[in-house]
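Q: For reference, the structure I am asking about is given below.
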Amino acid sequence: MLKEATVGSLLSIKQIAVIVIPIMVAMEFLKDLGALDRIANFFSPLVRVFGMRKESGFPLIIGIIIGLSYGAGVIFRSAKEYQLPRRDLYLITYFLVAAHAVFEDTAIFVALGVNGALLLTTRLLVAALFTFLASKLMRQELEEEVNL
């Protein structure tokens with residue numbers, strides 16, 4: 001049983017590395033080409049609704065598209081590189097709790113007979129509403145702390 005667990009863990013690590021390393025390399029190329037800034041600018045209206053910095057758009061979109069396990073490296077790296085505030089990181093996390101790996105998950109459920117458009121729309125709307133409410137509560141708490 002220990003051998004099976006070890007082999008399974010090593011295979012999982014290999015699978016993650018095969019996906020994450022090319023994503024990290026691609027991220028460096030995109031950064032060098034200035035594409036990351038364009039992506040951040042494109043999604044800045046979305047993240048500004050939540051009161052987040054525009055640089056938070058890229059890690060948020062990565063998490064939505066490829067999920068938390070594969071997107072974590074990009075999210076951590078973006079957080080460090082752009083010195084994203086803790087508030088933005090919390091809000092990214094809140095959004096991704098409800099809406100991570102939306103394409104992969106939706107495809108799985110569609111194969112089981114679920115209405116994909118309804119599932120995708122519901123997940124994104126719930127995530128947006130939850131994050132919006134959290135951003136307002138966080139802002140209110142920050143304002144109360146400043147007034148003390």
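Q: Return the only residue of 87, 123, 139 being within 25 Å of residue 19 (Cα to Cα) and either among the basic types (Lys, Arg) or in contact with a Phe, Trp or Tyr (Cβ under 6 Å, 6 or more places away or on another chain) (or both).
A: Values: 87 fails: within 25 Å of residue 19 (Cα to Cα); 139 fails: within 25 Å of residue 19 (Cα to Cα).
Step by step, each of 87, 123, 139 is checked, and only 123 is within 25 Å of residue 19 (Cα to Cα) and either among the basic types (Lys, Arg) or in contact with a Phe, Trp or Tyr (Cβ under 6 Å, 6 or more places away or on another chain) (or both).
Q: OK, next. Name every residue in region 130-140 that is aliphatic (A, V, I, L, M), without any contact (Cβ under 8 Å) to a residue 40 or more places away in the chain and either open to solvent by less than 100 Å² (accessible area, probe 1.4 Å) or in contact with a helix residue (DSSP H, G or I) (Cβ under 9 Å, 6 or more places away or on another chain) (or both), in order of residue number.
A: From region 130-140, those aliphatic (A, V, I, L, M) are 133-134, 137-138; that's our starting set.
This time we only want the ones that are without any contact (Cβ under 8 Å) to a residue 40 or more places away in the chain, so: 133, 137.
Hit for region 130-140 is 133, nothing else.
Q: Considering (1) surrounded by 12 or more Cβ atoms within 10 Å (Cβ to Cβ); (2) modelled with pLDDT of 85 or more, say which one residue 117 fails and leave the rest.
A: (1)
Q: Here is a list: 46, 36, 30. Which entry is closer than 29 Å to residue 124 by Cβ and modelled with pLDDT of 85 or more?
A: On the way: 36 fails: modelled with pLDDT of 85 or more; 30 fails: modelled with pLDDT of 85 or more.
That would be 46, the only listed residue that is closer than 29 Å to residue 124 by Cβ and modelled with pLDDT of 85 or more.
Q: Filter region 99-112 down to the residues that are touching a Leu at 6+ places or on another chain (Cβ under 9 Å) and either within 10 Å of residue 64 (Cβ to Cβ) or not in a helix (DSSP H, G or I) (or both) and list them by number. So that I can check it myself, show each step before the final result.
A: Step one: list which residues in region 99-112 are touching a Leu at 6+ places or on another chain (Cβ under 9 Å), which gives 99-103, 105-106, 109-110.
99, 100, 101, 102, 103 - these are the residues of region 99-112 that are touching a Leu at 6+ places or on another chain (Cβ under 9 Å) and either within 10 Å of residue 64 (Cβ to Cβ) or not in a helix (DSSP H, G or I) (or both).
Q: Another question, then. Within region 100-113, track down each residue that is modelled with pLDDT of 90 or more and open to solvent by less than 20 Å² (accessible area, probe 1.4 Å).
A: Once the filter is applied, which keeps residues that are modelled with pLDDT of 90 or more and open to solvent by less than 20 Å² (accessible area, probe 1.4 Å), region 100-113 yields nothing.
The values are calculated or read from the model by the stated rules, or taken from the named source; none is laboratory data. None of these values were measured; they are calculated from a predicted model. Glycine also receives a Cβ, built like all others from the backbone with ideal geometry; neighbour counts cover every protein chain displayed. Ligands, DNA and RNA are excluded from the accessible area calculation, which covers all protein heavy atoms including side chains. Shrake-Rupley method; radii C 1.70, N 1.55, O 1.52, S 1.80 Å.
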